[in-house]
Amino acid sequence: MLKWMGDGTMRNVYKKTMALALVLATSLCMSAVPAKTSEAAEGSNAMGKVPEYVIADSYDEYLSRYESAGSGTDTVTLKGSDYAEAVGMDVTVDGDTVLTGASGQITWEVNVGTAGLYQIDMEYAAVPDGGNDIQMSLLLNGELPFAQVSPLVFYRMYANASNDYKEMEGNQSFPPQIEVSDWQKVSLKDSEGFFGDDNGLKFYLEKGVNTLTFEAVKDRMMIRSITVRPAEELTDYASWLSDMQSQGAKMMDAGGIRIQGEDAAFKSSPSFYPQNDRTSALSEPYDPTYIVLNTIGGSGWKKAGDWLEWTVDVPQSGLYRIAMRYKQKDSVGFSGIRAVSINGKVPYAEAQDIRFPYSNSFQCNYLQSVAGEDLYFYFEEGTNTIRLTCALGAYAKAASDLRDTIDEISEVYYSITAITGTAPTKYQDYQLTRRLPNLTKDLQHAGERLEDIRDQI
């Protein structure tokens, strides 16, 4: 349930505060790790070196090449129908929109007056004929700039076919899910959540004409526009709040609106349907005997990038706190992390790392920064959207370091099995430390990295 609440302590938060409360179960976002070439400890000459299986730099390596480059200064918007060429791809143009094919490449040309770092937005809609998330790889000036754009993931959108289940007496049945083919505007992001922020990944463009080539990996999509804009970082909360107040936005501290968590308007997966939880009589609706659907999310909502979205009608524009009633019981000893976006945009950096600590019971708290400060969000008068996206937050660096360390250990493993085979015998001395002079050093290096990751967590 979502509730607008008001000022005061959390004991009487249901009585006064103008904020939003949401009933849902959350879990720590986990992400598949992208393939990446590993490097063992310096000086390693291990035999049986693992062949490189990704030739592109990682995103952080790519940025280090352009660390002295500033942001570009131009904003260029291209219509989908403005594509320069399509190679091996059947495309269909309808007004400003282009429908891509399921294979091949499509290229746009973008002319910028200043070389520098840019970010890229795309307005797209899924064609409801696949069922999988759409995947496209991006080539910049004919080359893969870094591994995290191969592929990019564009999510489909789903909704309940109806809410007739609310009228059922006795046990309620799960509502069927339907795909919604509507326009979505996104910044190109790392689909696994390791790099970048809500503003998207950064790309270095040369002065003059650059080419953006999208190569179909999985399924088709409709593209209405592509916008290239100067790269920028998300502002911090204090600066954002000060700026909003200087523009006349007021903190609202009266009234209340409640939205049930199971009433999510849209979702990124058809598996995010309303569920039943009868562990607390405070859940709405509640029945000790029958199955009534009163929560959403749960253990399946844990992959980076998965999201749920609610709509809320606001009587007056202003700054509001959001309170949520939730249960996060899947990640023992960890916090589940969500990024919060209002009307399609994460407003400031702190909203990308909202933590939901572990507990077997429901909790009710305001959304807070990592430092424990209640966060305000700006809502316009009328209909607004609230989206919670599964994110890695502060765990991103530890997860990225762990991925690299696993690659490093894997290289050591393959160098050993190149000598011993996968079923070594205890009756043979393989003389590993002689044949692999840096074996001990490599293992010590990996162990030190694992200890550092443990300390980070």
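The values are calculated or read from the model by the stated rules, or taken from the named source; none is laboratory data. For clarity, every value in this text was computed on a predicted model and none was experimentally measured. Glycine also receives a Cβ, built like all others from the backbone with ideal geometry; neighbour counts cover every protein chain displayed. Side chains are part of the model used for accessible areas, which takes the heavy atoms of the whole protein and leaves out ligands, DNA and RNA. Shrake-Rupley method; radii C 1.70, N 1.55, O 1.52, S 1.80 Å.
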Rg and Dmax of region 341-411 over Cα atoms: what are they, in angstrom? 16.5, 57
Spin-label point model (7 Å from Cα, Cβ direction): what's the Arg65 to Glu373 distance in nm? 3.8
Please give the charge dipole size of the chain, origin at the Cα centre, charges +1 on K and R Cβ atoms and -1 on D and E Cβ atoms. Round to the nearest 20 debye. 1220
Hey, got a sec? Which trypsin sites (Lys or Arg not before Pro) in region 380-441 land in a DSSP loop and have at most 11 other Cβ atoms within 10 Å? Lys426
Given a 1.4 Å probe, the accessible area of the chain per residue, as a whole number of Å², is 47
Of Gln316, Trp108, Cys364, whose Cα points farthest to the positive end of the dipole of the chain (charges on the beta-carbon: +1 Lys, Arg; -1 Asp, Glu; origin at the Cα centre)? Cys364
Just read off the accessible area of Asp263 with the full protein assembly in place, 1.4 Å probe, to the nearest 10 Å². 60
Run the simple label-point estimate for Ile457 and Gln184 please: 7 Å along Cα→C-beta, distance reported in nm. 3.0
Quick check: with the 1.4 Å probe, what order do Phe174, Phe146 take by accessible area, largest first? Phe174, Phe146
What's the longest bit of the chain with no exposed GluC sites (Glu not before Pro), using DSSP loop states and at most 14 other Cβ atoms within 10 Å as the test? 234-372
State the percentage of accessible surface on the chain attributable to carbon and sulfur atoms; use a 1.4 Å probe and exclude ligands, DNA and RNA. 48
Quick check: the angle from helix 439-456's long axis to the longest principal axis of the chain, C-alpha only, nearest 10 degrees? 10
Let me check I have the definition right: for the chain, take the eigenvalues of the Cα gyration tensor, multiply each by 5, take square roots. What are those semi-axes in whole Å, largest first? 40, 31, 23
Classify region 141-270 as rounded, prolate or oblate, taking a ≥ b ≥ c as the square roots of the eigenvalues of its Cα gyration tensor: rounded when a/c is under 1.5, otherwise prolate if a/b is larger than b/c and oblate if not. oblate
Yeah, region 250-404 with a ≥ b ≥ c from its alpha-carbon gyration tensor (a/c under 1.5 is rounded, else prolate when a/b outruns b/c, oblate otherwise) is oblate
Could you state the angle between the C-alpha long axis of helix 237-246 and the longest principal axis of the C-alpha atoms of the chain, as a value from 0 to 90 degrees rounded to the nearest 10? 40
With the contact rule set at Cα under 8 Å and sequence spacing of 6 or more, what percent relative contact order holds for the chain? 24
Output wanted: per-residue J couplings in Hz (rounded whole) for region 153-163, from phi through Karplus 6.51 cos²θ - 1.76 cosθ + 1.60, θ = phi - 60°, x for Gly and Pro. 10, 10, 7, 7, 10, 10, 8, 5, 5, 6, 10
If one compares the long axis through the Cα atoms of helix 395-420 with the longest principal axis of the Cα atoms of the chain, the angle in degrees, nearest 10, works out at 30
